[in-house]
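Accompanying notes for the structure given below.
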Amino acid sequence: MESRYNAADIEQKWQQTWAESGLDSTPEATDKPKFYALSMFPYPSGNLHMGHVRNYVITDVIARLKRMQGYRVLHPMGWDAFGLPAENAAIERNIPPAKWTYENIAQMRSQLQELGLSLDWGREVATCSPDYYKWTQWLFLQFFESGLAYQKEAAVNWDPIDQTVLANEQVDGEGYSWRSGAKVERKLLTQWFLKITDYAEQLLQDLDKLTGWPERVKTMQANWIGKSVGAYLEFPIVGQEEKIAVFTTRPDTVYGITYVVLAPEHPLTLQVTTPEQKTAVEAFIQEVASESEIERTAEDKPKRGIKTGGVAINPFNGAEIPILIADYVLYEYGTGAVMGVPAHDTRDFKFAQENDLAIKVVIVPENTDLEANPNSPLQNAYTDPGIMVNSGQFDGISSTEGKSKIIEYAESKGYGKARIQYRLRDWLISRQRYWGCPIPIIHCDDCGQVPVPETDLPVELPQNVEFSGKGASPLAKLEDWINVPCPSCGKPAKRETDTMDTFIDSSWYFLRYTDAKNIAIPFERSKVNDWMSVDQYVGGIEHAILHLLYSRFFTKVLRDRGLLNFDEPFQRLLTQGMVQGLTYQNPTTEKYIPSAIVNPDDPKDPETGEALDVFYLKMSKSKYNGVDPKAVINKYGADTARMFILFKAPPEKDLEWDDADVEGQFRFLNRVWTQVTDWDSSQVDTSKSEKLSKDEKDLRRAIHTAIKEITEDLEGDYQFNTAVSELMKLSNALKDAKCVTSPVYQEGIETLVLLLAPFAPHIAEELWHNLDKTSSIHQQSFPVVDPAALVVDEITLVIQIMGKTRGTIQAPANADKATLEKLAQESDIAQRYLEGKEIRKVIVVPKKLVNFVIAK
């Protein structure tokens, strides 16, 4: 054993030993309680960043702790490997996407292994591997057979120069293509959807079951699902058979409707447009078509609209109302039309003022004098509950009651009906790209949409592909691949050329880990039901909505298909904060300056000499503020990097990188190293009596206080930072203890190393073996607190004379005031200071002090 702590040698040695012995393999036996610890799997970009390190280290501590606490643990890793960057690499560097992806996977796997993560690499999955996406396709067909996968027209981002579909991330903030620079248009294409709306109510209601999720995440999901209770109403169009359908949560305001608005892309738009308005309406439609959904619905953006010339009838009062189109109404949302009630909706009020539309008050505050004129001009929309006015037979009733009354009336007259609506829309999964999972459908003129037979799965991505970034999807250009016989009738047919949204791949990967090598089915029912749900899921808050919602949806559909027997995939969720780096920015040019060329003591722009703004921001290449995990590991070792990540901040908070704090953790590990290696176990005196000395009692109390506090910190909210502080306190207690030959000191040394093991696994393993242990520390039981050791049977009693401390004595912890006074008065300290003095008064503070007041 070296006298000096050499992290590099120790870590390499133990990583190799653990791998060779299969230490982290998942147990097959089911004789212990299970614990499934999972980090969100990464996209294989090629380089690990500090955000990855934080995520995976947090999960690893939990997995290691649970193993030591007697659980059988599943702690796997894989790769979310389909996606746009691989296709961009193919275009820019002429590298096949598969080659680029697998090279990155190999590099990142190596980087992960250097962190000493206790991962079961035998269950590794890559979503781009045919033996994985075969089952992604098989699961898609489960949705198809259930009527949950269908095609319909939907808008896409269209690059008119490259003649290709763009992902949202390929469109810049101004609405231009990042590659060609063209103004991006919205174009309708036939695309595949999954009917997530069928599960909207379940997805909403079952949020209540997720007691281990942050409330913030559950609120975000509930808002995304967006349940609204209201009415579906129909407005006849003057001179036409069709009606305009709207959904409203304010049926109490129907008598105040003064216009209706259609989405520009609504099928009725051109139908209701008069010849006089045709040119203007078509120009407006063309203008809006180039805007993204985000641009059109932005709160701070002025709402633009135009009259179509068409007229609708408000069936409740027979009034003729104009039909407009406006940019803020989207065909994909609700019915694609809204009713305008400007007196009682803030957006409608502003829109009506800008477009010279009537404003009619139909709700007034309670206690309003109804004899007075309720039609005086409004300064702002009145949106609160109140009393209905100008509403025919409903005048005088409360607006809250009016909602149900109006719906009853509408149903009796055939104007509409009660309806529950959701903001959630069906999940558009089509991608007009190559590097994704092919959709296993064949289109036949006679048979329609025909599933690829299970025996023909997977539909593999062809290799002979050219990438230009222009024109149709690369798959759509491969005639040999597209043209196939129909599996049903044998006639010439064509493959589907769209690939699936990569969120599909990540919506079930956690199920595959439970039976990762099964070649016959995606997972065995008994295995998935045994391991699921995931006990602890760890990942970024950026996945709070889509990934987690889609995973919940998948789980419920597969449950209903009889493939598994649980409702929710993730019992507990931890959303770790970001890792932030020290950032330098020129306040004039707003350029970020690499920290490597800035003097931190006097931060100035090296080119201009200007003083720089200094702050912390999320680490990123564009901000030049990243810290390479490899550099930290090379300098200090993985254990130090782990300890810093865990100590610096609670896991859910953002973490500010600080080299001085990294040094601090390195010093602490060196101190523990010296403490353990300098201690000579052969000097332990086992012949001592069972009665412990005060020093031994104090040390044993410190040992078991550490066990108690760390165990509590690693349950519930996972306060790793305070757990590391407790390790430091125990180390200090051992340093101060005088009883180094006592079995209690030996207990302290061994406990310190055991408690350290989940946090810094390599140094703990080395020190454990240095203590003449033969089996791995990670196979030992985590220390359990002895409540008796925490009991304080003696206290240190302060003795004061006239309020000034003169010394201390030991006293029984349960001594009453009279006993404490007697002990204090009989002590050598009191005798020395009170000799010949008259005691006027004695003040006793139980368990703390005795103060003697003497005559002057």
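The values are calculated or read from the model by the stated rules, or taken from the named source; none is laboratory data. What you are looking at is a predicted structure, and each value in this text was computed from that prediction instead of being measured. Please note: Cβ atoms are built from the backbone with ideal geometry, for glycine as well, and neighbour counts cover all protein chains shown. We work out accessible area using only protein heavy atoms, side chains counted, and drop any ligands, DNA or RNA first. Shrake-Rupley method; radii C 1.70, N 1.55, O 1.52, S 1.80 Å.
A few points about this structure:
- GluC sites (Glu not before Pro) restricted to the range 747-849 and DSSP loop, no more than 11 other C-beta within 10 Å: Glu835, Glu838
- Placing unit charges on each Cβ (+1 for Lys and Arg, -1 for Asp and Glu) gives the chain a dipole about its Cα centre, and among Gly51, Asn721, Met802 the Cα reaching farthest toward its positive end belongs to Met802.
- When all protein chains stay in place and ligands, DNA and RNA are ignored, the 1.4 Å accessible-area order of Cys437, Cys447, largest first, is Cys447, Cys437.
- Nearest-0.05 FRET efficiency for Leu428 and Lys491, computed from C-beta distance (R0 22 Å): 0.15
- Accessible area per residue, Å², the range 37-156 with all protein chains present, probe 1.4 Å: 29
- The range 337-422: C-alpha gyration tensor shape, a/c 1.5 cut-off, then a/b vs b/c: oblate
- Whole-Hz ³J(HN,Hα) from phi, Karplus 6.51 cos²θ - 1.76 cosθ + 1.60, for the range 661-671, glycine and proline x: 6, 5, 4, x, 5, 5, 5, 4, 5, 5, 5
- Spin-label model, Ile541/Gln463: points 7 Å from Cα along the beta carbon direction are separated by 4.6 nm.
- Filter on Lys738/Lys773; Lys243/Lys413; Lys13/Lys773; Lys209/Lys648 - keep pairs with C-alpha separation over 23 Å: Lys738/Lys773; Lys209/Lys648
- Our coupling estimate for the range 763-774, obtained by passing each phi through the Karplus curve with A = 6.51, B = -1.76, C = 1.60 and θ = phi - 60°, is 5, 5, 5, 5, 5, 4, 5, 5, 8, 6, 8, 9 Hz, Gly and Pro reported as x.
- Helix axis angle, 7-21 relative to the chain longest principal axis, alpha carbon, degrees: 70
- Protection proxy ranking, peptides 485-491, 25-31, average beta carbon neighbours within 10 Å, highest first: 485-491, 25-31
- Mean separation of Cα pairs under 8 Å and 6 or more residues apart, divided by the residue count, gives the range 1-81 a relative contact order of 40 percent.
- Charged-residue dipole, Cβ positions (Lys, Arg, Asp, Glu), the chain about Cα centre, Debye nearest 20: 1700
- Per-q log10 I(q)/I(0), the range 88-140, q = 0.15, 0.17 Å⁻¹ (Debye; single scatterer per alpha-carbon; no solvent): -0.59, -0.72
- Computed FRET value (nearest 0.05) for Val229 with Thr608, which takes r as the C-beta separation and R₀ as 60 Å: 0.50
- Lys/Arg +1, Asp/Glu -1 at C-beta; the range 83-178 dipole; positive extreme among Ile95, Leu84, Ile105: Ile105
- 3J(HN,Hα) along the range 336-346: x, 8, 9, 8, x, 10, x, 5, 9, 8, 4 Hz, from the Karplus curve 6.51 cos²θ - 1.76 cosθ + 1.60 with θ = phi - 60°, whole Hz, x for Gly and Pro.
- Normalised per residue, the accessible area of the range 163-313 is 47 Å², obtained with a 1.4 Å probe and no contribution from ligands, DNA or RNA.
- Measuring how big the range 237-280 is from its alpha-carbon positions, Rg and Dmax come out at 12.5, 37 Å.
- Among beta bridges identified by DSSP and lying wholly in the chain, the antiparallel ones come to about 75 percent.
- In the chain, excluding the sites themselves, the longest stretch lacking any of the chymotrypsin sites (Phe, Trp or Tyr not before Pro) that are in a DSSP loop with at most 14 other Cβ atoms within 10 Å is 179-565.
- Here the simple spin-label model places points 7 Å from the Cα toward Cβ, and for Lys32 and Glu656 these points are separated by 4.1 nm.
- Applying both filters, DSSP loop and at most 15 other Cβ atoms within 10 Å, to the GluC sites (Glu not before Pro) of the range 478-581 gives Glu524.
- As a fraction of the 1.4 Å probe accessible area of the range 276-332, surface on carbon and sulfur atoms comes out at 55 percent.
- Restricting the range 269-366 to GluC sites (Glu not before Pro) in coil, as DSSP defines it, with at most 11 other Cβ within 10 Å: Glu299, Glu366
- What the range 507-603 shows is 37 Å² of accessible area per residue, with the surface traced by a 1.4 Å probe over protein heavy atoms.
- Heavy-atom surface analysis with a 1.4 Å probe gives the range 363-481 a carbon and sulfur content of 45 percent of its accessible area.
- Only Lys, Arg (+1) and Asp, Glu (-1) charged, at Cβ; the range 683-774 dipole about Cα centre in debye: 440
- Here's the picture: charge each Lys and Arg Cβ at +1 and each Asp and Glu Cβ at -1 in the chain, and of Ser290, Val261, Val73 the one pushed furthest to the positive end of that dipole is Val73.
- Only protein atoms count toward the accessible area here, which uses a 1.4 Å probe; on the range 488-553, the carbon and sulfur part of that area reaches 55 percent.
- Prolate/oblate/rounded call for the range 691-768, Cα gyration tensor, a/c under 1.5 rounded: oblate
- Candidate values (i) 68, 38, 24; (ii) 68, 32, 22; (iii) 63, 40, 27, label of the one derived for semi-axes √(5λ) of the Cα gyration tensor in Å: (iii)
- FRET E, pair Arg93, Thr674, Förster distance 41 Å, beta-carbon r, rounded to 0.05: 0.25
- In this simple spin-label model, placing a label point 7 Å from the Cα along the Cα-to-Cβ direction at both Asn367 and Glu242 gives a separation of 4.9 nm.
- Rounded to 10°, Cα long-axis angle of helix 694-713 versus longest principal axis of the chain: 10
- Each Lys and Arg contributes +1 and each Asp and Glu -1, all at the Cβ; summed about the Cα centre of the range 750-856, the dipole is approximately 1020 debye.
- Between Glu153 and Ser687, residue separation times 0.36 nm minus the direct Cα-Cα distance comes to 183.7 nm.
- Global form of the range 80-177, assessed from the alpha-carbon gyration tensor, a/c cut-off 1.5: oblate
- Sorting the Cα pairs of the range 288-349 by distance into bins of 5 Å, from 0 upward, gives 4, 15, 23, 28, 18, 8, 4, 1 percent per bin.
- Angle in degrees between helix 84-93 and the longest Cα principal axis of the chain, rounded to the nearest 10: 80
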